[in-house]
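Taking it in order: structure first as structure tokens, then the write-up.
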Amino acid sequence: MSRRDKKNKGQLSAAQIAAQAQAMEEAEIQKAFEQGITTLRDLISPSSIEIHADYFRLGTKYGRTLYVYGYPRSLYTGWLSPLINIDEVLDISMYIYPVDTTIVMKNLQKKVTQLEASISVNSEKGKIRDPELEAAIGDAEELRDQLQVGAEKFFRFGLYVTLWADSLDELGFVQRKIETLFGQQMVFSKVASSQQEQGMNSCMPQCTDQLLIRRNMNTGAISTSFPFTSADLTQEKGILYGINMHNNGLVIFDRFSLENANMVVFAKSGAGKSFTVKLEALRSMMVGAEILIIDPENEYQMLCDAVGGSYIRLSLNSDVRINPFDLPKVVDAEDANDALRANLVTLHGLFRLMLGGAQQASAGAPAAPALTPNEEADLDQALIDTYARAGITSDPLTHQSTPPTIFNLYDTLLHMGGTGPNLAQRLRKYTTGTFAGIFSQQSNIDINNQMVVFNIRDLEDELRPVAMYIVLSHIWNVVRAQQKRRLLIVDEAWQLMKYDDSANFLFSLAKRARKYYLGLTTITQDVEDFMSSKMGRAIVANSSMQILLKQSSSAVDVLSDVFKLTEEEKKRLSNFPVGQGLFFAGQNHVHIQVIASETEESLITTNPVAAANQTNNPAN
């Protein structure tokens, strides 16, 4: 081989080596690219982004950013809650910048001076006063006072909302919904025109305010914007009361988990109070509770019959008898020793009602004691003597004897001195007169059933409060004898609140019910009369649950004072649709929609047409 051939062979080898090196480098680059093609950043980043004047497109999603630029003179707590809980995809960002109080005070001083100067100029020119200017001065002066004593601080507040949708038409629809929600509260918003990219960045979780659109607010106004205001009243156990209108959650609650299990229900006629209570009773039976109801208007018979309950119709023509002298068959030693004394106190209130209290009130006479002090003393002695003649004393061992009746009391009064004969004459209509029979003989009822309804619709108006009192007393004796989870429902309770003795007795039940595992439900539509009574307010104070459905305008102010309602709640309370109201449980309260299944509704409806159809078509 020549020297020239050797040289060419060496050059060829060098070229081959260079080609091989280049091929290896390209292979390594290709391998590195293939390994890094699916990094986390690649996974979360959109395929593309388009920025337009009034919207942007991120991959396949359309977005639009709005900013809030105007607010009403005052904001109520939770005003942002409807936006937080709306069923749309939103990003909401709030930027809060504290401002030095000294700077704010100087600016307020300038502003007040300008406003006062404007008023002076208008006055000199003979213009009429401007209420807006006067209100602005008042607000500025009030804020200065609050800032001066440190009760308030000052902030700059920015609120931005980014909407998301799958198309431009849907995006416009969502925008109108949001603007409507804001407009209902006099909050004004605009699309961030030609600043959609800055708006999108401002609503992303990177805390960069690129829109810089802010509004002055003090501490009180800022606090109303706190977004997490939806009260959640869902427990692991309990019954379903309805839908939480703040967040569309379920209101599932066990009233026996509160300090006491008492509840009051206030509503005007037709607002759904009986429907609500019957639904609660039906569902409570499903978890083992016994239900006792005083029904003044025959509203609970359909429900009672459907669940196999006992329906006790009280009237002068019925054969039902309830003896008010019955003593509770209590097991507790302390209660047993006090049983006779407690029943004597109850009987005092009953006979004050029977011997004059109910008649005076029904006749429209001013309230006055039904009995004089001498008559009170003679009645007390007559009651003790009547029990003694039946062999019943303070010794619990004698309490198993057959109790006396009003006939025995009448006989005792008739043959004793003092005012006894006069009291006997006034009592005679309950023994041999018009109202004889129903409460003057031994009891013949048994309320050993999961639902028991006492119907008093057919009783005369004068006898109705007496009947409610005696029925409550009889139920109370049964409750004390055997403790079970029970609900006692007193419908149209205002009839009891008209008389001091019956109101006191109802209040006594409310105070002592918890000890005997009883929940008292008090229902009324005559809110003003109920709340004007001292005992009525006391019953509300001793009820850990309250339901306020639609009210008359006159009742709203009364309830607002008692329950410390906000202006917005007052406004809603008189405009609630049927079945909606405020549900109070302890320290929490929510806007609730009471709902029932078709089967439940067919059993508990208070609509006369629906009830008639159900009666005529039982197969439904």
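The values are calculated or read from the model by the stated rules, or taken from the named source; none is laboratory data. Everything quoted here is computed from the prediction, not taken from an experiment. Every residue, glycine among them, receives a Cβ derived from its backbone with ideal geometry; neighbour counts consider all protein chains shown.
Overview of values
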| read-out | value |
| --- | --- |
| Residues of segment 406-447 classified as of a type in the set (S, T, Y), modelled with pLDDT of 85 or more and touching a Ser or Thr at 6+ places or on another chain (Cβ under 8 Å), total | 5 |
| Candidates R464, R537, R485, R480 - the one that is surrounded by fewer than 23 Cβ atoms within 10 Å (Cβ to Cβ), at pLDDT 85 or above and under 30 Å from V307 (Cα atoms) | R485 |
| Some residue of segment 48-65 being on the phi > 0 side of the Ramachandran plot, at pLDDT 80 or above, surrounded by fewer than 14 Cβ atoms within 10 Å (Cβ to Cβ) and not in a helix (DSSP H, G or I) | yes |
| Boolean, Q206 is at pLDDT below 85, out of contact with any strand residue (DSSP E or B) (no Cβ under 9 Å at 6 or more places or on another chain) and farther than 29 Å from D100 by Cα | no |
| 3 or more residues touching a residue at least 24 places away in the same chain (Cβ under 8 Å) and buried (at least 21 other Cβ atoms within 10 Å of the Cβ): qualifying helices (runs of 4 or more DSSP H) within segment 219-323 | 273-286 |
| Residues of segment 404-433 that turn out to be among the β-branched types (V, I, T), in contact (Cβ under 8 Å) with a residue 24 or more places away in the chain and either more than 18 Å from R389 (Cα to Cα) or surrounded by fewer than 16 Cβ atoms within 10 Å (Cβ to Cβ) (or both), as a count | 2 |
| One residue from N455, N444 being crowded, with 21+ Cβ neighbours inside 10 Å, closer than 22 Å to S315 by Cβ and in contact with a Lys or Arg (Cβ under 6 Å, 6 or more places away or on another chain) | N455 |
| Index of the failed condition, A361 passing every other in (1) assigned to a helix (DSSP H, G or I); (2) in contact with a helix residue (DSSP H, G or I) (Cβ under 7 Å, 6 or more places away or on another chain); (3) at pLDDT below 85; (4) farther than 28 Å from Q483 by Cβ | (2) |
| Residue among T566, T522 that alone is over 19 Å from G238 (Cα atoms), surrounded by fewer than 21 Cβ atoms within 10 Å (Cβ to Cβ) and in contact (Cβ under 8 Å) with a residue 40 or more places away in the chain | T566 |
| Filtered residues of segment 112-158 (kept if under 25 Å from G220 (Cα atoms) and among the small types (G, A, S)) | A135, A136, G138, A140, G150, A151, G158 |
| Of the criteria (1) modelled with pLDDT of 85 or more; (2) farther than 24 Å from N260 by Cβ, which one G519 fails | (2) |
| Members of segment 394-417 that are farther than 28 Å from K429 by Cα and part of a loop (DSSP other than H, G, I, E, B) | S394, D395 |
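Table: residues versus (1) closer than 19 Å to N343 by Cβ; (2) among the acidic types (D, E); (3) in a loop (DSSP other than H, G, I, E, B).
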{"position": "N448", "(1), (2), (3)": "no, no, yes"}
{"position": "V452", "(1), (2), (3)": "no, no, no"}
{"position": "Y469", "(1), (2), (3)": "yes, no, no"}
{"position": "V479", "(1), (2), (3)": "yes, no, no"}
{"position": "D501", "(1), (2), (3)": "yes, yes, no"}
{"position": "L506", "(1), (2), (3)": "yes, no, no"}
{"position": "K511", "(1), (2), (3)": "yes, no, no"}
